[in-house]
Amino acid sequence: MDTTTSTRPALTFFFPAYNEEPNIERTVALALEHIGPLVPSLEVLAIDDGSTDRTPQLADALAAADPRVRVVHQENRGYGGALKAGFANARGNLIAFSDGDLQFDLTELARLLDRLNDPSRPVDAVIGYRIKRMDPFHRLFIAKVYNAIVSVLFGLRVRDIDCAMKVFRRSVFSGLRLDSEGPFLSAELLIKLNARGVKMDQVGVSHYPRTAGTNTGASFRKILRTFRDIFKLRWALWTDRERTLSAK
């Protein structure tokens, strides 16, 4: 995040892309079409997380065709690692993200930006929550249990921790340490922002079934990794809160 304020785009919208060959062209097109008019200048950033299909080649072609589009390629780090790469490489004064699987309506980012820009109730982050989550029952059950555990252990009052529709002011990432490389990253981010006193609000958004590509979440291995990260962060906040909430 070393770009000077005067040369930064108003907003970076990024999305993780792991084997999203069927979706990436449409995701970028929708971002440019629907988010572009909402801000004076836009950067669309695709995080290629070690894809093994044609996602990298398609992403590079999209970037070559439009200067507003940029790609970061990395070895597969997982969802959390892809989000961290997005935050680290985003150039915008505002940073928003969603997933690359077309399960969210990007026009609804306007709702989050309207809330962020409301001077009567200042906030530095706006978090979406899925009004009706269109996922299989087992994923809904896991999400409900997960949200309850995080709420109890960390006092985080968020309706939908992992909703992939969020927008932040760039300043909230200053000196912020993020450790998780897995699915817990979204929760870790919100827990730490909350602990640092960052003002946040929540806005309802629509959610749609995935129509192409494969969902890689909610495997048993990832669930175990998430619980490991939960208790690791809880212990760190008890034993070394200042270091845990600061940059490495």
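Here are the numbers:
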item: Residue in the stretch 176-223 that is modelled with the lowest pLDDT, counting only those that are of a type in the set (S, T, N, Q) and open to solvent by less than 50 Å² (accessible area, probe 1.4 Å); result: S219
item: Condition check for E20: within 20 Å of A164 (Cα to Cα), out of contact with any strand residue (DSSP E or B) (no Cβ under 7 Å at 6 or more places or on another chain), open to solvent by less than 20 Å² (accessible area, probe 1.4 Å) and among the charged types (D, E, K, R); result: yes
item: Long-range neighbours under 9 Å by Cβ, at least six apart or interchain, first residue part of a strand (DSSP E or B) within the stretch 78-107, second hydroxyl-bearing (S, T, Y) and open to solvent by 10 Å² or more (accessible area, probe 1.4 Å); result: none
item: Test: L153 is in a helix (DSSP H, G or I), hydrophobic (A, V, I, L, M, F, W, C) and open to solvent by less than 20 Å² (accessible area, probe 1.4 Å); result: no
item: Members of the stretch 122-140 found to be out of contact with any Ser or Thr (no Cβ under 9 Å at 6 or more places or on another chain), β-branched (V, I, T) and either under 17 Å from S98 (Cα atoms) or loosely packed, with under 14 Cβ neighbours inside 10 Å (or both), listed by number; result: V126, I127
item: Odd one out for T107, checked against (1) of a type in the set (S, T, Y); (2) open to solvent by less than 70 Å² (accessible area, probe 1.4 Å); (3) out of contact with any His (no Cβ under 6 Å at 6 or more places or on another chain); result: (3)
item: Condition broken by V172, with the remaining ones in (1) part of a helix (DSSP H, G or I); (2) crowded, with 20+ Cβ neighbours inside 10 Å; (3) touching a Leu at 6+ places or on another chain (Cβ under 7 Å) satisfied; result: (2)
item: Test: residue in the stretch 112-119 that is open to solvent by 50 Å² or more (accessible area, probe 1.4 Å), farther than 19 Å from L45 by Cβ, of a type outside the set (A, V, I, L, M, F, W, C) and not in a helix (DSSP H, G or I); result: yes
item: Residue in the stretch 208-230 that is over 16 Å from the mean Cα position of the chain (by Cα) and on the phi > 0 side of the Ramachandran plot present; result: yes
item: Single condition L62 does not satisfy, out of (1) in a helix (DSSP H, G or I); (2) out of contact with any helix residue (DSSP H, G or I) (no Cβ under 6 Å at 6 or more places or on another chain); (3) buried (at least 18 other Cβ atoms within 10 Å of the Cβ); result: (2)
item: The stretch 40-95, subset among the acidic types (D, E) and within 16 Å of the chain's Cα centre (by Cα), residue farthest from E188 (Cα to Cα); result: E43
item: Inter-residue pairs, beta-carbon under 8 Å, first over 15 Å from A96 (Cβ atoms) and touching a residue at least 24 places away in the same chain (Cβ under 8 Å) and in the stretch 189-203, second of a type in the set (S, T, Y) and surrounded by fewer than 15 Cβ atoms within 10 Å (Cβ to Cβ), 6+ apart; result: none
item: Odd one out for A143 among (1) touching a residue at least 12 places away in the same chain (Cβ under 8 Å); (2) open to solvent by 50 Å² or more (accessible area, probe 1.4 Å); (3) not in a loop (DSSP other than H, G, I, E, B); result: (2)
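Per-residue answers, yes or no, for (1) in contact with a Lys or Arg (Cβ under 8 Å, 6 or more places away or on another chain); (2) β-branched (V, I, T):
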{"residue": "P119", "(1), (2)": "no, no"}
{"residue": "D124", "(1), (2)": "yes, no"}
{"residue": "D135", "(1), (2)": "no, no"}
{"residue": "L156", "(1), (2)": "no, no"}
{"residue": "D160", "(1), (2)": "yes, no"}
{"residue": "V167", "(1), (2)": "no, yes"}
{"residue": "S171", "(1), (2)": "no, no"}
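The values are calculated or read from the model by the stated rules, or taken from the named source; none is laboratory data. Note that the structure is predicted; figures quoted are calculated from it, not measured. Cβ: placed from backbone, ideal geometry, glycine included. Neighbour counts: every protein chain shown. Ligands, DNA and RNA are excluded from the accessible area calculation, which covers all protein heavy atoms including side chains. Shrake-Rupley method; radii C 1.70, N 1.55, O 1.52, S 1.80 Å.
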